[in-house]
Amino acid sequence: MRDRAWANRILSGDRAAGERLVTENYARVYGLLRSLTNHREVAEDLTQQAFARAWQALASYRGEARLSTWLCRIAYHEFTHWRRDRREFAALDTIANLPDSKAIVGLQTVLFSRALDRLTDDLRETFLLHYQHELDVKEVAIILEVPAGTVKSRLFTARNRLRELLSDDETPVPAATPEPTVSAAPLSSPLYVTLEEKPL
């Protein structure tokens, strides 16, 4: 209800409420798009597009999810449009992007990033939303527009696939534990692997 009231204030012309929407959510939306695109300039452009799209669609916001989650869903849609267009015009032999050099700290991080790039789109995006951006399963389900059970299944599959890929690269991995999960560093830090017990 609080977020719906916030949206209503923006729609009524409350400029301060509109500015707050951007300032409180810009970093999160940009961080999401930066991790999905792996490209700073593209992420900046898509972030601007996402907020513009959200502004146009604000009247349709019903308060069923938090405004931040709603914005992330719009940002994800902008990303999927960009990805589709990019694939339509990209050469078949285009080399996959590697992580930004500033985000590379140590061999394990590089190998993990490469392994992450080898996941299917649905596994990679679900993994990033949950672990890097710390969205819960329900929020990820809203953004991706899939059932919560599908999110849990993708996370389980992604973890197992990453284990296989990292083992193939002979990257040191701690001993297996029941249903291991991977936690990520904050958005300002490089993504790294830590296996631990953690319920979804």
Helices (runs of 4 or more DSSP H) wholly inside segment 38-152 that include at least 2 residues being modelled with pLDDT of 90 or more and among the β-branched types (Val, Ile, Thr): 40-57, 67-89, 137-144
Filtered residues of segment 1-10 (kept if loosely packed, with under 14 Cβ neighbours inside 10 Å and of a type in the set (A, V, I, L, M, F, W, C)): 1, 5
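The values are calculated or read from the model by the stated rules, or taken from the named source; none is laboratory data. This one's a predicted model, so the numbers in the text were calculated from it and none came from an experiment. Reconstructed Cβ throughout: ideal geometry from the backbone, glycine too, with neighbour counts over all protein chains shown.
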